[in-house]
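Novice: To start, I am sharing the structure in question, which I have written as structure tokens.
The values are calculated or read from the model by the stated rules, or taken from the named source; none is laboratory data. It should be emphasised that the depicted structure is a prediction, and the values quoted were computed from it without experimental measurement. We place every Cβ from the backbone using ideal geometry, glycine too, and count neighbours over all the protein chains shown.
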């Protein structure tokens, strides 16, 4: 516990709202527009030199870093637990995902680890994927091996490079890797069901799954690929090829009707599904960041984007398209991950958590209301 400064009050907790806005000044013929209030609340600090992924589950904030996972309470931001695997060679923890009582973490050592929360609220390692049983059952047959390098073979159920991201849907877990592939795992027995070798021409950086089971993978090869599961196998449905640089991040609307993608060209692309079909069409692009888009998060009609320009932008849809309502500043290095939770009030009240390559997790409060506003709001807290 003494190694962590888990709650640091803001010295200057700055808040911002649109000036000159009067509720009584709204005329009946004026179109209400979003009004945003946001402020920096506090910082959660660890000994980690960088943050790779943030996720929320059951009133807990999970933080993955260099070689461990850190858990904070969302109630008071107190440190709850830290856990890591005993293998010091596991490297960076790249991603975290959840399914019922299981927690999955993706690692630099090409493996996926599975954890459970004990009755004492500690986290216990229960398996490493692929499992020993799964490997043992396949290792005797030559057809189960694939060439991964000139003089090296591995079982097709094994990743051969960093596991970069995970997604969970309907009893299945998907893992994507810098080895250009993605794999499908059955959560109940933790066996690997399928591997899409060479799904891309370069590293796979992001994977998301829609409610109807469509899989979207984004790659350094500048492409987003859409996959459909047909009779227990996945088939390539289409390729979205409008990006001109590496695609680093994806986010989906809850109903799967809109896909957001961000990459090295500093622009967010907005794709919409056409006439309930499986084809996504590029509808608009969102410009404003001055660096590569590294992460995206969508919740309650609000899109949050993090960039190598060290800022977070807040976007919301209007009749005219998407507009940037605010900019959050304060991190010293690129923003690697964003997660947000809603308190369920009538207004769009969000708690936002941002993790950066500076090793800091910042906590922000955002309230979006439908009133008349005149300008984009900027919130900063510069030390």
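Novice: Suppose the filter is crowded, with 22+ Cβ neighbours inside 10 Å and in contact with a strand residue (DSSP E or B) (Cβ under 8 Å, 6 or more places away or on another chain); does residue 163 pass it?
Specialist: Yes.
Per-residue answers, yes or no, for (1) modelled with pLDDT under 95; (2) out of contact with any strand residue (DSSP E or B) (no Cβ under 8 Å at 6 or more places or on another chain); (3) closer than 15 Å to residue 266 by Cα:
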| residue | (1), (2), (3) |
| --- | --- |
| 284 | yes, no, yes |
| 290 | no, no, yes |
| 299 | yes, no, no |
| 303 | no, no, no |
| 309 | no, yes, yes |
| 313 | no, no, yes |
| 323 | yes, no, no |
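Novice: Being in a loop (DSSP other than H, G, I, E, B) and either touching a helix residue (DSSP H, G or I) at 6+ places or on another chain (Cβ under 9 Å) or more than 27 Å from residue 134 (Cβ to Cβ) (or both) is the filter here; which residues of region 193-226 pass it?
Specialist: Selection gives 201, 202, 210, 211, 212, 220, 221, 222, 223.
Novice: Here is a further query. Are there any pairs with C-beta distances below 6 angstrom linking a residue in region 68-80 that is touching a residue at least 60 places away in the same chain (Cβ under 8 Å) and on the phi < 0 side of the Ramachandran plot to a residue that is in a loop (DSSP other than H, G, I, E, B) and buried (at least 18 other Cβ atoms within 10 Å of the Cβ), with the two at least 6 apart or on different chains, and if so which?
Specialist: 70/46
Novice: Let me ask something else about it. For region 192-211, state whether one or more residues are in contact (Cβ under 8 Å) with a residue 60 or more places away in the chain and within 24 Å of residue 253 (Cα to Cα).
Specialist: no
Listed here are the residues, each with its yes/no results for (1) surrounded by 13 or more Cβ atoms within 10 Å (Cβ to Cβ); (2) modelled with pLDDT of 95 or more; (3) farther than 13 Å from residue 129 by Cβ.
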{"site": "141", "(1), (2), (3)": "no, no, yes"}
{"site": "147", "(1), (2), (3)": "no, no, yes"}
{"site": "151", "(1), (2), (3)": "no, no, yes"}
{"site": "156", "(1), (2), (3)": "yes, no, yes"}
{"site": "174", "(1), (2), (3)": "yes, yes, no"}
{"site": "178", "(1), (2), (3)": "yes, yes, yes"}
{"site": "187", "(1), (2), (3)": "yes, yes, no"}
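Novice: Scan region 106-122 and report the pairs whose first residue is without any contact (Cβ under 8 Å) to a residue 12 or more places away in the chain and whose second residue is outside any loop (DSSP other than H, G, I, E, B), with Cβ atoms within less than 6 Å and a gap of 6+ or a chain change.
Specialist: Close Cβ pairs satisfying both conditions: 118/124.
Novice: Criterion first (in contact with a strand residue (DSSP E or B) (Cβ under 7 Å, 6 or more places away or on another chain) and closer than 29 Å to residue 350 by Cα) does residue 61 satisfy it? Quick ask: steps written out before the conclusion?
Specialist: Values: in contact with a strand residue (DSSP E or B) (Cβ under 7 Å, 6 or more places away or on another chain): yes; closer than 29 Å to residue 350 by Cα: yes.
Here the answer is yes, as residue 61 does meet what is asked.
Novice: Determine which member of the set 96, 103, 112, 70 is in contact with a strand residue (DSSP E or B) (Cβ under 6 Å, 6 or more places away or on another chain), more than 16 Å from residue 127 (Cα to Cα), crowded, with 20+ Cβ neighbours inside 10 Å and modelled with pLDDT of 95 or more.
Specialist: 70
Novice: Return yes or no: is residue 59 in contact with a helix residue (DSSP H, G or I) (Cβ under 7 Å, 6 or more places away or on another chain), within 25 Å of residue 306 (Cα to Cα), surrounded by fewer than 22 Cβ atoms within 10 Å (Cβ to Cβ) and in contact (Cβ under 8 Å) with a residue 12 or more places away in the chain?
Specialist: The answer is no for residue 59.
Novice: Counting only residues that are touching a residue at least 60 places away in the same chain (Cβ under 8 Å), give me the strands (runs of 3 or more DSSP E) lying completely in region 271-341 with at least 3 of them.
Specialist: Here the list reads 312-318, 321-329.
Novice: Go through region 119-174 and report how many residues are closer than 16 Å to residue 185 by Cβ and within 28 Å of the chain's Cα centre (by Cα).
Specialist: 22
Novice: Residue 155 is checked against (1) in contact with a helix residue (DSSP H, G or I) (Cβ under 9 Å, 6 or more places away or on another chain); (2) touching a residue at least 40 places away in the same chain (Cβ under 8 Å); (3) more than 25 Å from residue 249 (Cα to Cα) and fails just one. What number does that condition carry?
Specialist: Going through the list (1) in contact with a helix residue (DSSP H, G or I) (Cβ under 9 Å, 6 or more places away or on another chain); (2) touching a residue at least 40 places away in the same chain (Cβ under 8 Å); (3) more than 25 Å from residue 249 (Cα to Cα), residue 155 breaks only (2).
Novice: Next question, about the same structure. Which members of region 239-257 meet the condition of being closer than 15 Å to residue 272 by Cα, assigned to a strand (DSSP E or B) and either within 14 Å of the chain's Cα centre (by Cα) or modelled with pLDDT under 95 (or both)?
Specialist: 250, 251, 252
Novice: While we're on this one: Quick test of your reading of the structure: residue 363 fulfils all but one of (1) at pLDDT below 95; (2) over 20 Å from residue 249 (Cα atoms). Name the failing condition by number.
Specialist: (1)
Novice: A further question on this structure: So for region 268-281 (the condition being farther than 20 Å from residue 165 by Cα, in contact with a strand residue (DSSP E or B) (Cβ under 9 Å, 6 or more places away or on another chain), crowded, with 18+ Cβ neighbours inside 10 Å and modelled with pLDDT under 95), does at least one residue qualify?
Specialist: yes
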